[in-house]
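Participant: The structure follows.
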Amino acid sequence: MNVDSFKNVCVVGFGRSGFYLVELLLKLGKKARVTEEKNANFFSSRLVNKLRRLGVEFEFGSHTDRFIRKSDIIVVSPGVDTKKSLVSGIAKANNIPVVGEIEFASWFTKSKIAAITGTNGKTTTTFLTYRVIKSIKPNVYLAGNIGMPLSCYVLSAKPKDIIILELSSFQLENIIEFRPYVGCVLNIEPDHLDRYYDFYEYTHAKLNIFRNQLSDDWALLNKNMFGIQEIARSIKSKIIYFDNELLNPNYSAVYRIAHVFGAAKTDCMKVISGFNGLPHRLQLVKKIKGVVFINDSKATNPASTVWALKNIKPPIVLIAGGKDKGLDYSAVSPYFKKIVKVNLFGEAAHKIKSSLKDRGRISLFNSLEEAVKDAYYISRKGTTVLFSPMCSSFDMFPNYIQRGNKFIEIVNHL
């Protein structure tokens, strides 16, 4: 990609990725302009004014042709759905290329990249991979969905450094030249069907991680993944399969990725054995009068909740709900023998109840707080109250982190 030809760059979305993209553009001497659907009062006026003084142009409250058409390239933040946004039509009408933050930032680094994606488990796997490689290599960066945006590091990372990326399907949608030295797909389960036309389109976005790899790169695949043979046939790089070599497939993926960079199995086990989990992922919050409270707010799809139900001893009170993503919640039905009650809240509550065949052990609540208090009230000693929403947070909370923190706050006040 001839990056020198892109003098005027339009950044769509002024969230965390958007902000660091602007910082990168300023360091590169590019003309930065930001278009953001939210009103200006959602953002720090001090920050916006500081960037304006540095020459950054802003448009708040809408995406307009008048503002965007002056750009040489459009870089979208991961949360922007280009199919539904006006940006896509404006870009086509004005023949402006559209890429994502990962694609754009990757043009400015020669560091080796290990990129990890999957429906579930990618945050933990990425973090552990980073920790293992960091234990044997001096300069390793953690970026993407976990850590900081890739834009933060591309100018400081040296060719001998290593960047570990967690990538969502959103970040892989607008790939043109992005080429990780190591690409890994942990698993693919139905998710984000409110954004994608069908499961095939979602899968295609995930598999973009391998799109530009060549014969001297590495592709890591879960050998038990559906359609694995067809996926493997489309890959040009060297393939490594993983299964349950180290406790579970995700830990095995950590080992296989780290081994490419020279780590031994003992290096992996040392890190894994000392790992106590990440916040909002099967996080033990508190034990009150024999009742255990688990925060699994990161579970934004049924497959993730199924994983939790498989690994927690009964009896369980399940708290779920949030913004529907067009998914089938009946996947948890086989685990009803472990569940004494389901407390639902949020936009998707009625759909979840219907999917679970309206069993008598299901109650609907107006808020997360009401659902938690009822769960505690009906629980006896030895019960686990599992907060594993199966949905995104965007009906009531800005993200899963704030949702999980609210759950913790409620539990701590019981």
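Participant: Conditions first: (1) under 18 Å from Thr305 (Cβ atoms); (2) part of a helix (DSSP H, G or I). Ile408 passes all but one, so which condition is the exception?
Facilitator: Just one mismatch for Ile408, condition (1).
Participant: For the stretch 303-338, enumerate the residues that are over 18 Å from the mean Cα position of the chain (by Cα), basic (Lys, Arg) and not in a helix (DSSP H, G or I).
Facilitator: Lys313
Participant: Of the residues that make up the stretch 273-290, is at least one among the hydrophobic types (A, V, I, L, M, F, W, C), in contact with a Ser or Thr (Cβ under 8 Å, 6 or more places away or on another chain) and in a helix (DSSP H, G or I)?
Facilitator: No: zero hits.
Participant: Of the residues in the stretch 72-90, how many are over 24 Å from Asp4 (Cβ atoms) and within 17 Å of the chain's Cα centre (by Cα)?
Facilitator: Number of matching residues: 4.
Participant: Select from the stretch 139-163 the residues that are under 11 Å from Lys122 (Cβ atoms) and surrounded by 21 or more Cβ atoms within 10 Å (Cβ to Cβ) and list them in ascending order.
Facilitator: Gly144
Participant: While we're looking at this one, here's another question. Among the listed residues Phe242, Phe293, which satisfies the condition of being of a type in the set (Phe, Trp, Tyr) and in the same structural domain as Ile339 (by TED's automatic domain parsing)?
Facilitator: After applying the criteria, what remains is Phe293.
Each row is one residue, and each column tells you yes or no for (1) β-branched (Val, Ile, Thr); (2) under 20 Å from Lys206 (Cβ atoms); (3) within 13 Å of the chain's Cα centre (by Cα).
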position: Val99; (1), (2), (3): yes, yes, no
position: Thr109; (1), (2), (3): yes, no, no
position: Thr117; (1), (2), (3): yes, yes, yes
position: Thr124; (1), (2), (3): yes, yes, yes
position: Ser135; (1), (2), (3): no, no, no
position: Lys158; (1), (2), (3): no, no, no
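Participant: Quick one: Thr126 ticks every box in (1) free of Cβ contacts under 8 Å to residues at least 12 places away in the same chain; (2) touching a Leu at 6+ places or on another chain (Cβ under 9 Å) except a single one, so which number is it?
Facilitator: Status for Thr126: all satisfied but (1).
Participant: Still on this model: If I filter the stretch 291-302 for residues that are surrounded by fewer than 18 Cβ atoms within 10 Å (Cβ to Cβ) and either modelled with pLDDT under 95 or in a loop (DSSP other than H, G, I, E, B) (or both), do I get at least one hit? Spell out how you get there, then give the answer.
Facilitator: Applying the first criterion (surrounded by fewer than 18 Cβ atoms within 10 Å (Cβ to Cβ)) to the stretch 291-302 yields none.
No, the conditions are met nowhere in the stretch 291-302.
Participant: Let me confirm something: among Lys357, Lys353, Lys323, which residue is in contact with a Phe, Trp or Tyr (Cβ under 6 Å, 6 or more places away or on another chain) and not β-branched (Val, Ile, Thr)?
Facilitator: Details: Lys357 fails: in contact with a Phe, Trp or Tyr (Cβ under 6 Å, 6 or more places away or on another chain); Lys353 fails: in contact with a Phe, Trp or Tyr (Cβ under 6 Å, 6 or more places away or on another chain).
Of Lys357, Lys353, Lys323, the one residue that is in contact with a Phe, Trp or Tyr (Cβ under 6 Å, 6 or more places away or on another chain) and not β-branched (Val, Ile, Thr) is Lys323.
Participant: Considering the stretch 28-37 alone, what residues qualify as being surrounded by 12 or more Cβ atoms within 10 Å (Cβ to Cβ) and modelled with pLDDT of 95 or more?
Facilitator: Across the stretch 28-37, the qualifying residues are Leu28, Lys30, Lys31, Ala32, Arg33, Val34, Thr35, Glu36.
Participant: Right, something else. Would you point out which residue out of Asp328, Asp324 is out of contact with any His (no Cβ under 8 Å at 6 or more places or on another chain) and surrounded by fewer than 20 Cβ atoms within 10 Å (Cβ to Cβ)?
Facilitator: Result of the check over Asp328, Asp324: Asp328.
Participant: Could you go through the stretch 30-37 and let me know if any residue there is of a type in the set (Val, Ile, Thr), assigned by TED's automatic domain parsing to the domain that holds Lys84, in a helix (DSSP H, G or I) and within 25 Å of Thr82 (Cα to Cα).
Facilitator: No, the conditions are met nowhere in the stretch 30-37.
Participant: Here is a follow-up. Name the single residue that is farthest from Ser388 (Cα to Cα) among those in the stretch 240-287 being in contact with a helix residue (DSSP H, G or I) (Cβ under 6 Å, 6 or more places away or on another chain) and β-branched (Val, Ile, Thr).
Facilitator: Ile240
Participant: For Met390, indicate whether it is among the aliphatic types (A, V, I, L, M) and either exposed (fewer than 15 other Cβ atoms within 10 Å of the Cβ) or over 25 Å from Phe336 (Cβ atoms) (or both).
Facilitator: So Met390 does not fit the description; no.
The values are calculated or read from the model by the stated rules, or taken from the named source; none is laboratory data. If you're wondering where the values come from, they're calculated on a predicted model, not measured in any experiment. Methodologically, a virtual Cβ is constructed for each residue, glycine included, from the backbone with ideal geometry; neighbour enumeration extends over all protein chains shown.
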